[in-house]
Amino acid sequence: MNIFLNLLYINLFVVLVHETGFFDNLDSWINSKFKFRHLPYIFLCALCQTFWLSLLYIIISGPIALWMIPLCVLNGLLTRVTQPLYRLFENILLKVIELLNKWLRL
């Protein structure tokens, strides 16, 4: 059970960092300093980041079983669900703040 929770934490962390645009900004900074150089695609894709970080976690955490590799793939695919959920949660919070501003007349 601990492995599943840690993989979900990895998924949420990667989605949060990816949605902030950190790697996109880093890529544009690298391209401005070194023309025609970009980050590898693995850093620009949340699915790839989640898969590789999950696999790295599985390797570091202890003995590897064959069923853990498809679990990493499933965790990577789960980013297609967590990204829209993150955006939905963000939009709900923004709507609540907007309603509070109207209600308090700030």
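The values are calculated or read from the model by the stated rules, or taken from the named source; none is laboratory data. The structure presented is a predicted model; accordingly, all values stated were derived computationally and were not measured. Glycine also receives a Cβ, built like all others from the backbone with ideal geometry; neighbour counts cover every protein chain displayed.
Among residues of segment 1-25 that are over 15 Å from residue 81 (Cβ atoms) and modelled with pLDDT under 90, those with a beta-carbon under 6 Å from a residue that is of a type outside the set (Gly, Ala, Ser) and surrounded by 14 or more Cβ atoms within 10 Å (Cβ to Cβ) at least six positions away or on a different chain give the pairs 23/43; 23/44. Here 50, 79 are screened, and the one residue that is in contact with a Gly (Cβ under 7 Å, 6 or more places away or on another chain) and either among the polar types (S, T, N, Q) or surrounded by fewer than 16 Cβ atoms within 10 Å (Cβ to Cβ) (or both) is 50. Any residue that is surrounded by 11 or more Cβ atoms within 10 Å (Cβ to Cβ), in a helix (DSSP H, G or I) and touching a residue at least 60 places away in the same chain (Cβ under 8 Å) - is there at least one of those in segment 27-42? Within segment 27-42, not a single residue is surrounded by 11 or more Cβ atoms within 10 Å (Cβ to Cβ), in a helix (DSSP H, G or I) and touching a residue at least 60 places away in the same chain (Cβ under 8 Å).
Checking the condition touching a Phe, Trp or Tyr at 6+ places or on another chain (Cβ under 8 Å) and either touching a residue at least 40 places away in the same chain (Cβ under 8 Å) or of a type outside the set (Gly, Ala, Ser) (or both), which residue from 73, 96, 81 passes? Before the answer, list the steps.
Numbers: 96 fails: touching a Phe, Trp or Tyr at 6+ places or on another chain (Cβ under 8 Å); 81 fails: touching a Phe, Trp or Tyr at 6+ places or on another chain (Cβ under 8 Å).
Of the residues listed, the single one that is touching a Phe, Trp or Tyr at 6+ places or on another chain (Cβ under 8 Å) and either touching a residue at least 40 places away in the same chain (Cβ under 8 Å) or of a type outside the set (Gly, Ala, Ser) (or both) is 73.
Considering segment 26-48 alone, what residues qualify as being aliphatic (A, V, I, L, M) and farther than 17 Å from residue 85 by Cβ? Selection gives 26, 30, 39, 42, 44.
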